[in-house]
Each structure stands twice: as structure tokens, then as C-alpha cells.
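The values are calculated or read from the model by the stated rules, or taken from the named source; none is laboratory data. All figures in this text were calculated on a predicted structure; none of them were measured in a lab. Methodologically, a virtual Cβ is constructed for each residue, glycine included, from the backbone with ideal geometry; neighbour enumeration extends over all protein chains shown. Just the protein is used for accessible areas: all its heavy atoms, side chains included, with ligands, DNA and RNA removed. Shrake-Rupley method; radii C 1.70, N 1.55, O 1.52, S 1.80 Å.
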Amino acid sequence: MDRRIVIIGSGFAGLQSAFAAQSLLSHNTHHHEKNTSKIEIVIISPEPRLVIRPRLYEANPKSLSAPLDKILSDTGIRYIQGHVTNINTQERTLDIRGAKDQLSAMSYDRLILAAGSHLNLPNIPGLKEHAFNVDQFEGAVALDAHLHDLKHQPYTKARNSVVICGGGFTGIEIAAELPRRLASILGKDADIHITIVERESELGPELGPGPRPVILQAMKELNIDLKLGNAVAEVNSNGIITSNGEHIDANTVIWTGGMVASTLASQIPGPKDKLGRLIVDRDLQVPSAKEIFVTGDVAHVSTDDKGHTALMSCQHALTLGRYSGYNAAADILNLPLRQYHQEIYGTCLALGPFGAVVTDGWDRKVATSGKMAGLAKQFINEVLIYPPRDTKEAFRVSDPDFQIPSVDDGVVALLTNRDRGTFLLYIWRFIVLKLFGTSA
């Protein structure tokens, strides 16, 4: 009888899970000599593409996805287009609504939940009706169409004004990018007003004090107005009203407030955190349902032995995917499971024309900033997070022991040379090795 590993989601964690599982199966051909049953890997997701979600704040979001049909076919992974609507953990079955609304069911021997996260929309009057977002592909495309439509509207200050609700990671990135996006639409001499409204008293509260001076400098140079210590009380067709009663006129309001895990996580028994993520052990198994593995944005798991927890970020999702895919396949092959660990952490925050800021460690000590850091962000966004080109690369980068060849430690010290070639070596060393959890 054939057996099946089903992966819900084709985002960073889901795709990496599929490659990792298939790689382990392909390298254990002796298993098939002992057992004639076939083990198939199946991915279920709404579209056969990887949305480059960390880039959705950029212009032309329609281009920010990568097709998966060929790489999935080449690696022997079966793809099913649809939405999983129900998980029956007792029967080990899934209910699936297909692309044409047809209903079907599928059984699984091992399940990997990689269903991701979505924007949290609190019950603020007018928020759902009037605010845009860059959380998912469709939302980013809708915002882009709206921005281009502004040039057909008569000039008012509100037409040229944008309010960003939320001064976290996403809010900062899109605020920094919007001046040049709007200038390309409305004209380079257009009087553009961008305002960030943040309920906390500091910009980027979750980023801590380390990179804040750089971020504030970038906001100043880009003429971004900050309304700190103000919550959004209402959104309407003319802008927003803050918690202190101030009305900010704007034809464009963008909501970037926090994320929550996919609601599919609630269908799996076990404790959840405040974001709705399943709390799992380091092997990524659900303690109450050992045949289920959880990864990416739906997993609450320790990254190390120092109290740090994986964040809803692609750098954690990619490594989590390596372990969840490997472990699901190892479990079905009766091989030892691997314990997820990702001790090294860093951030790279885009700051529009200013460049970026790169930080090292959980205390987010600034490593570099400005134009050269912008090269690092460009490298991540345009190269590092895209799907592999072929089966050999897919299997190589999905191994939990995946390593990038080392570059001499002295490279980091050469940053002060401001040499592009030297900095590309720095990117190789710091961004790839540190941000994505590999070691030299």
C-alpha cells in the first residue's frame, strides 16, 4: 500500500519541506528494496507558485512570484491546487476545495502544516472597507492598481498623501519605498506626504533600540512624518482618525499591524501561543498528534537554548522547512529525527533610497547601513529567497546540514574599504551564513 506525506502550503517553509522530504527519500533507496510501497510527497496550495512575500512592499508586485510547476515536477513532487478546509486528525484525512470549487478528500500518513500566516485585522471601524495592505499577493496588486489610479484623480493634498498604520518592520519598509513609487506615478516634483501612525512611543518597537537611530535618520531624509503614541481609531474614505481625535486626510491608507497564524492551526489539538501558532518541540512534531509536523509561521518553537523563539520571517521559515521535511520523511522511514536549531539571527530592513540597515544578533547590533547595506537587501530579495533552479540545487539547499563555503573571517573587517567587490564577499559571509542559519 502506498504511503503519503502531505504538505499544506507552498510558501518558503512548505516548499523547503517538500524538497527536504523528497531528498531524504531519494537518498534512502534501500528502503524501497525492503518495502515495495511507494512514498509520495504532495503539496496542496491555492496556486503553483512561490509568492515572494518579503518583497510585496515594492513596485510591480505582479512580478513578485515564481512558478513552481517545473521544479516540483522535476523533483517528483505531486502538486494539488486547492484549499484545505478541514483536517481530521483522528482519521488522518483532509478535505480539499479545488480551484474550480470541487470537493475532494485525501488521506495522509504524515502531515506537514506549512499554511503560513495572515494579517491581523482588528475590529476598527472602516478598516476592512477602506484600508489596503501588502500582506498577500492580491492585496499588494490591489494597492499598486490604486496608486496608479491616483494620477487620474484631480490634485488635492489628500490624493498625494498616504497613511501607514503601524510602524513595525513592514510599515517602515513600505513607508520608505513609497516616496519614489509615488514620484514615478505622480511626477518627480509631486508634493508627496507619507505618515506613519504607531501606537507605541517608539518607531519599530519590536526592532529595539539598536537600529532605531539609523531608521529615524532614514525617515528624516525621506521626509516621512511620524505620529508615535497614537492608535488608529477609525478608517474612512478620507483618511483616518487617531485615538487622540486627530483626522489625517489621505486617499490611501495602508494597514501593516501584526500577523496571526493560519486558522488551520486551530484544527490541530495542542497548545497555541497568542499568535495562534502551535507550540511544538524541537523535532517540530505535534506532541498530541505525532504524525503531524508544524513549520514556518504556524510553528512556535525554540531556535536555541537561550530562550529565543522562531519569528514569522522567511529566514526562520526556510530553516524550519528543512527540518520539518526531513523529519516527516525520517519518521516514515523509521530513521532518527533531527532537532531544529538556528542559533544565529540577523535582520536586514529595507529603507528605500536610503539603502538598508543590517543587524547582527537578537540584540540587533547594527553591522552596516546605508547604500552598501542596500546591496545586501537586494541580494536577499532578488537571489537568495527564490526557488532553486534544478533538482540538484533543491536537494542541496534543503538539507538541514546545508552550508555555504566559508569566506575568510577577515572579510568583515574590510567593510570600511567601501569596495563593491569586497562587500559582495561580505554579503556572502554575513547575509547567507548569519541570516539564514547556516554556518561556515
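Over 29 Å from residue 353 (Cα atoms) and in contact with a strand residue (DSSP E or B) (Cβ under 7 Å, 6 or more places away or on another chain): does that describe residue 114? Yes. If only residues of the stretch 265-279 that are hydrophobic (A, V, I, L, M, F, W, C) and surrounded by 22 or more Cβ atoms within 10 Å (Cβ to Cβ) are counted, the one that is nearest to residue 11 (Cα to Cα) is 265. Among the residues of the stretch 227-264, the ones that are farther than 19 Å from residue 196 by Cβ, small (Gly, Ala, Ser) and open to solvent by less than 30 Å² (accessible area, probe 1.4 Å) come to 2 in all. Look at (1) among the aliphatic types (A, V, I, L, M); (2) open to solvent by 40 Å² or more (accessible area, probe 1.4 Å); (3) more than 21 Å from residue 170 (Cβ to Cβ); (4) modelled with pLDDT of 90 or more and you find that residue 366 fails only one, number (3). The condition of being surrounded by 14 or more Cβ atoms within 10 Å (Cβ to Cβ), within 23 Å of residue 19 (Cα to Cα) and not small (Gly, Ala, Ser) holds for residue 54.
Within the stretch 127-178, the set of residues being of a type in the set (S, T, N, Q) and under 16 Å from the mean Cα position of the chain (by Cα) comprises 133, 136, 170. Among the residues examined, residue 306 qualifies as open to solvent by 60 Å² or more (accessible area, probe 1.4 Å) and within 23 Å of residue 348 (Cβ to Cβ).
Sub-8 Å Cβ pairs linking a first residue in the stretch 105-130 that is touching a residue at least 24 places away in the same chain (Cβ under 8 Å) and under 23 Å from residue 297 (Cβ atoms) to a second residue that is hydrophobic (A, V, I, L, M, F, W, C) and in a loop (DSSP other than H, G, I, E, B), at least 6 apart or interchain, are 113/268; 117/275; 117/312; 127/121, ordered by first then second residue. Taking (1) over 30 Å from residue 349 (Cβ atoms); (2) surrounded by fewer than 17 Cβ atoms within 10 Å (Cβ to Cβ); (3) at pLDDT 95 or above in turn, residue 37 satisfies each apart from (3).
How many of the residues making up the stretch 57-105 are of a type in the set (D, E, K, R), surrounded by 15 or more Cβ atoms within 10 Å (Cβ to Cβ) and under 30 Å from residue 290 (Cβ atoms)?
Just the residues of the stretch 57-105 that are of a type in the set (D, E, K, R), to begin with: 58, 62, 69-70, 74, 78, 91-92, 95, 97, 100-101.
Imposing the further condition that a residue be surrounded by 15 or more Cβ atoms within 10 Å (Cβ to Cβ) reduces the set to 58, 92, 95, 97.
From the residues that got through so far, the ones that are under 30 Å from residue 290 (Cβ atoms) too are 92, 95, 97.
Selection size over the stretch 57-105: 3.
Hey, among the residues in the stretch 369-399 that are hydroxyl-bearing (Ser, Thr, Tyr) and buried (at least 21 other Cβ atoms within 10 Å of the Cβ), which one's farthest from residue 15 (Cα to Cα)? Only one residue tops the list, namely 369. Summed over the stretch 320-360, residues that are touching a Cys at 6+ places or on another chain (Cβ under 9 Å) and of a type in the set (Ser, Thr, Tyr) total 1. Does the stretch 355-362 include one or more residues that are among the β-branched types (Val, Ile, Thr), open to solvent by less than 50 Å² (accessible area, probe 1.4 Å) and touching a Lys or Arg at 6+ places or on another chain (Cβ under 7 Å)? Yes, the conditions are met somewhere in the stretch 355-362.
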